1. What are the residues in the range 27-62 that are in a strand (DSSP E or B) and loosely packed, with under 15 Cβ neighbours inside 10 Å, if any?
2. Is the range 165-172 home to any residue that is crowded, with 17+ Cβ neighbours inside 10 Å and free of Cβ contacts under 8 Å to residues at least 12 places away in the same chain?
3. For residues that are modelled with pLDDT of 95 or more and over 19 Å from the mean Cα position of the chain (by Cα), scanning just the range 241-271, find the one that is surrounded by the most Cβ atoms within 10 Å (Cβ to Cβ).
4. Please verify whether residue 120 is modelled with pLDDT of 95 or more, over 18 Å from the mean Cα position of the chain (by Cα) and surrounded by fewer than 17 Cβ atoms within 10 Å (Cβ to Cβ), treating the condition exactly as stated.
5. Based on this model, can you work out whether residue 110 counts as within 16 Å of residue 169 (Cα to Cα), assigned to a helix (DSSP H, G or I) and touching a helix residue (DSSP H, G or I) at 6+ places or on another chain (Cβ under 8 Å)?
6. Quick check on the range 130-149. Is at least one of its residues under 28 Å from residue 43 (Cα atoms), assigned to a loop (DSSP other than H, G, I, E, B), in contact (Cβ under 8 Å) with a residue 24 or more places away in the chain and touching a helix residue (DSSP H, G or I) at 6+ places or on another chain (Cβ under 8 Å)?
7. More than 19 Å from residue 54 (Cβ to Cβ) and out of contact with any strand residue (DSSP E or B) (no Cβ under 9 Å at 6 or more places or on another chain): which single residue out of 190, 180, 107 fits that description?
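The values are calculated or read from the model by the stated rules, or taken from the named source; none is laboratory data. Here the structure is a predicted model, which is why all the values come from computation and not from measurement. Virtual Cβ from ideal backbone geometry, glycine too; neighbours counted across all protein chains shown.
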């Protein structure tokens, strides 16, 4: 009987390990610019653990992930002020990456800076969440980014594979916009916020660009070791297709975020190319991403 129990326990343990949650999220909170008393410091420490647990211990999809398949991501929160105990005026940087096959390299998929990451946290209340209801700005923002992270990861492995998760993130944004009154969800306040990020991901004008993310990562980066020249040509074609959505929405936060995440990677990719590919890449990159124009000149050296 004991032996049978051991076997059943082992099978159960293996079953759990094969159904690991989707995210492997690291959380850092910087409160160095704020005067904190002992209670405030303890609250910030607790908050970090609570956020990590919320992101990492929740099942966000119906898919089965092994532990090594979990999506690596980071949330860096900078507290600007604490108007009251448990009230945080903050910004956040949201990042995620995926491994490139046959290498030790990880390609950044998202690097988004949220200027309006403000929230209240009450340690006596659990972080409840339901995508169709509004409980708090903190849980809405965290769930929103969880689905965005999963969406960009899935888009990189299958054509438009992230669609259901971008739709969930959009629903969270709509519920929060109508229920919270908080900044960051509003269409009218800025072109650089959560509303416009998820609007772009769900906009029909960006479907071709999103399909290009599959070509970029799965058909090019994952095959770069095998055939670097062909991979560079394929990535160049993806960049050319970026012109159309950028013309439709010149201030697109989605395209802007892409180049924030990718400018260093693109420089490394094209620095080893033939002279004609280098020239084409630099001209195109300077046109698409003028803010990093000087950086792209390094490709020609």
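1. Applying the first criterion (in a strand (DSSP E or B)) to the range 27-62 yields 27-30.
Result: 28, 30.
2. The answer is no; no qualifying residue exists.
3. 270
4. On the way: modelled with pLDDT of 95 or more: yes; over 18 Å from the mean Cα position of the chain (by Cα): yes; surrounded by fewer than 17 Cβ atoms within 10 Å (Cβ to Cβ): yes.
Judged against the criteria, residue 120 is a match.
5. On the way: within 16 Å of residue 169 (Cα to Cα): yes; assigned to a helix (DSSP H, G or I): no; touching a helix residue (DSSP H, G or I) at 6+ places or on another chain (Cβ under 8 Å): yes.
For residue 110, the condition - within 16 Å of residue 169 (Cα to Cα), assigned to a helix (DSSP H, G or I) and touching a helix residue (DSSP H, G or I) at 6+ places or on another chain (Cβ under 8 Å) - is not met.
6. Just the residues of the range 130-149 that are under 28 Å from residue 43 (Cα atoms), to begin with: 130-131, 133-149.
Now narrow it down to the ones that are assigned to a loop (DSSP other than H, G, I, E, B): 131, 134-136.
Then keep just the ones that are in contact (Cβ under 8 Å) with a residue 24 or more places away in the chain; that gives 131, 134.
Those left that are additionally touching a helix residue (DSSP H, G or I) at 6+ places or on another chain (Cβ under 8 Å): 131, 134.
Within the range 130-149, one or more residues are under 28 Å from residue 43 (Cα atoms), assigned to a loop (DSSP other than H, G, I, E, B), in contact (Cβ under 8 Å) with a residue 24 or more places away in the chain and touching a helix residue (DSSP H, G or I) at 6+ places or on another chain (Cβ under 8 Å).
7. On the way: 180 fails: more than 19 Å from residue 54 (Cβ to Cβ); 107 fails: out of contact with any strand residue (DSSP E or B) (no Cβ under 9 Å at 6 or more places or on another chain).
Of 190, 180, 107, the one residue that is more than 19 Å from residue 54 (Cβ to Cβ) and out of contact with any strand residue (DSSP E or B) (no Cβ under 9 Å at 6 or more places or on another chain) is 190.
Yes/no matrix, rows are residues, columns are (1) more than 25 Å from residue 98 (Cβ to Cβ); (2) assigned to a helix (DSSP H, G or I):
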site: 159; (1), (2): no, no
site: 182; (1), (2): yes, no
site: 187; (1), (2): yes, no
site: 211; (1), (2): no, yes
site: 226; (1), (2): no, no
site: 234; (1), (2): no, yes
